[in-house]
Amino acid sequence: MSTIPQGQSRPFEPAPHQHRQVAESFGVDAERYDRTRPRYPDVLVEAIVAASPGPDVLDVGCGSGSEARQFQAAGCRVLGVEPDARMADFARRTGVQVEVATFEAWDSTGRAFDAVIAGQTWHWIDPVAGAAKTAQVLRPGGPLAVFWHVDQPPPELADAFAAVYQRVLPDSPFNLQPTKQALGGYQALFTKAADGIRKVGGFGDPEQWRFDWERSYTRTEWLDQLPTSGALTRLPSDKLAEVLEGVGAAIDAMGGGFTMPYTTVAVIAARTSTT
Ligand SMILES: C[S@@+](CC[C@H](N)C(=O)[O-])C[C@H]1O[C@@H](n2cnc3c(N)ncnc32)[C@H](O)[C@@H]1O
């Protein structure tokens, strides 16, 4: 656990949440998204559940329902809020209750929750409006926990992947270039989330939790997941094919597979008062 420096967030401009077409594009292939995206570490889920005063969880941007099902398995009652109806439909078919709306526009109708969570989603939400909406629905003591996976390809692959993106998508507004300091690049995102929470007030000082793990991928497995990246969901098929071919060749050069080190980082703050 660590504290987060204040007021130093200078991430991508315009901010990701202003790219609405991309923000709500993941449902283009909800089945692929759900099948290929990595789950969250059980220790993270357990830590959030332990920090919650009760079992009612609001999952913001629940997508296909992957973390919602993890929290259900941990004994929680989960409501998802999700603006992309295709993702919401998929999640419902897997047993997750979902209301279709952006979080900023969602009407809580006076309901309250013991925890508010968001996996890989908070950067698609206005961080101040999101914290303010959370403050309206979170019971005292309940955590707001927003978390992301940061992948850090082995150095040779990071360079090769970056070269492919630079060649095929030189003008992408998204940072597609895997670097050798991926975690440092994400820190602006974590700090922006913490700044939004502090600005709204009524929360304890945000903490940062970190969980390191790794997963092995074959070329086929990595290429199966790649089209679910926000920066690639709306790409014309010929451009996507070029990316897949280039990335696939880089993995072939590594012997056809690799181990991806991941760090899952959570920014977490407990509600201290009601306003
Ligand atoms: C990368 S996906 C993450 C899905 C899921 N939470 C997970 O971890 O697999 C981001 C999700 O956030 C949703 N989203 C985008 N903008 C949002 C907003 N303003 N409010 C709530 N959800 C939003 C997208 O539709 C998408 O399903």
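The values are calculated or read from the model by the stated rules, or taken from the named source; none is laboratory data. In this text the structure is predicted, and so the values were computed from the model without any measurement. With ideal geometry, Cβ positions are generated from the backbone for all residues, glycine too; neighbour counts draw on all protein chains shown. Areas reflect the complete protein model, heavy atoms only, side chains present, ligands, DNA and RNA absent. Shrake-Rupley method; radii C 1.70, N 1.55, O 1.52, S 1.80 Å.
In terms of overall dimensions, region 92-133 has a Cα radius of gyration and Dmax of 11.3, 32 angstrom.
Considering only Ala158, Ala91, Ala105, the mean-square fluctuation computed in a Gaussian network model of the chain, springs between alpha carbons under 10 angstrom, is largest for Ala105. This model, with +1 at the C-beta of Lys and Arg and -1 at the C-beta of Asp and Glu, gives the chain a dipole about its Cα centre of some 500 debye. For a straight C-alpha distance cut-off of 18 angstrom, the aspartates and glutamates reachable from Lys239 (same-chain residues fewer than eight places away being disregarded) are Asp29, Asp171, Asp224. Helical content alone sets the calculated 222 nm signal of the chain at -11500 deg cm²/dmol, taking -39,500 (n - 2.57) per DSSP H segment of four or more residues and averaging over every residue.
Residues considered: Pro53, Pro236, Pro38. Largest GNM mean-square fluctuation over the chain, using C-alpha springs under 10 Å, is found at Pro236.
With q set to 0.19, 0.25, 0.32 Å⁻¹, the log10 of I(q)/I(0) for region 205-249, from the Debye formula over equal scatterers at the Cα positions, is -0.68, -0.91, -1.18. Overall, the accessible surface of region 93-199 at a probe of 1.4 angstrom is composed of carbon and sulfur to the extent of 54 percent.
If you wrap the Cα atoms of region 51-169 in a convex hull and average its projected area over all directions, you get 9.3 nm².
Sorted into 5 angstrom bins from 0, the C-alpha pair distances of region 179-275 split as 2, 11, 15, 15, 15, 13, 10, 8, 6, 4, 1, 0 percent. Region 194-234 and region 14-59 have Cα centres separated by 8 Å. Applying a length cut-off of 27 Å (Cα extent along the axis) and a mean Kyte-Doolittle floor of 0.0 to the DSSP H helices of the chain leaves 182-200.
Annotation: amide H-H contacts under 5 Å for Leu138 (H modelled 1.01 Å from N, sequence separation of 5 or more, or interchain): Phe113. Counted without the sites themselves, the longest stretch of the chain free of trypsin sites (Lys or Arg not before Pro) in a DSSP loop having at most 16 other beta carbon atoms within 10 Å is 40-110.
Mean projected area of the convex hull spanned by the Cα atoms of the chain, taken over all viewing directions: 13.2 nm². Dividing the convex hull volume of the alpha-carbon atoms in region 44-120 by its residue count gives 81 Å³ per residue.
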